[in-house]
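Trainee: Let me begin by handing over the structure; questions about it come next.
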Amino acid sequence: MSESFSKNLRRLCAERVSIAQVCREIGFNRQQFNRYLNGGGMPSAHNLHRIAQYFGISADTLVLDGDQFAVEVETLQPDVHTRSRPSLDYIFEGQARNLRRYLGFYHGHFQTPTWQGNIIRTLVWLREEQGKVVSHTFERAHSADGSIRQKTRHKGLVTFKGDRIYLIENANSEDGFMSSTIMFPAHRQQVNLIQGLTMGVATRPRLMPYATPIIWKRIPERVSARESIEQTGIFPEASTAIDPVIRKRLLEVADPQEFVAQIG
């Protein structure tokens, strides 16, 4: 049974990005999981169930011999994969544990073609909601002459995969623009400054997609929500209100690909 189990487990893991990712997402110690992969022992009934649940099969299927396992998996896996994929909910379910250290408030900093020569500062709030992590982003922009006054709220879902934070957000504006953001945490314990890349649609001078570097700065708990909102807006690139480290990182890299290469 142990030999069949280890072979089956290796086959399932081969279809994933990495063993490390599997361990993280199930919540296993890598050394402990390696014993299962190498046939060094069987997991407890509880852990066997956790592994089976993760791969979307039954615990009994995990211990079948090679031929039976292959037939069973080929039969079952299409149903498992298509059961929830039409809504894509499975990507965001149960992410609260993975993202708990990142929950809270941030100021997001980025530039867009709409406001050339300026840096936009938004308020980003990540919070848990029924096991999922949802994002709320507040953005406001007032032109110097007062001709443009924008206030936009975005709401989205967040997931954590491969040491990256992914956000998909929808704006409450009439156009209902959507945006996609990938953040690259430098270290799991370092959440003060997180860099990434965001893609959206500029509203001026014409509707056009763009991709640009984005930097989140953690807001201390002592700062109230009202204060955090008041600190959002449009700032000239040289404004002393912008953290010099953030300004340097946003302005020194013109090519988003180069920015990703540096932080990735």
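The values are calculated or read from the model by the stated rules, or taken from the named source; none is laboratory data. Being a predicted model, the structure only gives us computed values, none of them experimental. Cβ coordinates were reconstructed from backbone atoms using ideal geometry, including for glycine residues, and neighbour counts include every protein chain displayed. Heavy atoms of the whole protein, side chains included, go into the accessibility calculation; ligands, DNA and RNA do not. Shrake-Rupley method; radii C 1.70, N 1.55, O 1.52, S 1.80 Å.
Trainee: Any idea how many residues of the range 135-170 are open to solvent by 20 Å² or more (accessible area, probe 1.4 Å), at pLDDT below 90 and among the hydrophobic types (A, V, I, L, M, F, W, C)?
Mentor: 2
Trainee: For the condition at pLDDT 85 or above and within 22 Å of the chain's Cα centre (by Cα), what is the one hit in GLY104, GLY94?
Mentor: Answer to the selection: GLY104.
Trainee: Still on this structure, please answer the following. If a residue has to be within 25 Å of ARG226 (Cβ to Cβ), touching a Leu at 6+ places or on another chain (Cβ under 7 Å) and in contact (Cβ under 8 Å) with a residue 40 or more places away in the chain to count, how many in the range 111-126 make the cut?
Mentor: 1
Trainee: When residues of the range 113-134 are filtered for being open to solvent by less than 40 Å² (accessible area, probe 1.4 Å), part of a strand (DSSP E or B) and either under 17 Å from ILE215 (Cα atoms) or modelled with pLDDT under 85 (or both), how many remain?
Mentor: Final tally of qualifying residues: 8.
Trainee: With the condition kept exactly as written, say whether any residue in the range 65-86 is at pLDDT 80 or above, out of contact with any Asp or Glu (no Cβ under 8 Å at 6 or more places or on another chain), closer than 30 Å to VAL223 by Cα and surrounded by 13 or more Cβ atoms within 10 Å (Cβ to Cβ).
Mentor: Looking through the range 65-86, none of the residues is at pLDDT 80 or above, out of contact with any Asp or Glu (no Cβ under 8 Å at 6 or more places or on another chain), closer than 30 Å to VAL223 by Cα and surrounded by 13 or more Cβ atoms within 10 Å (Cβ to Cβ).
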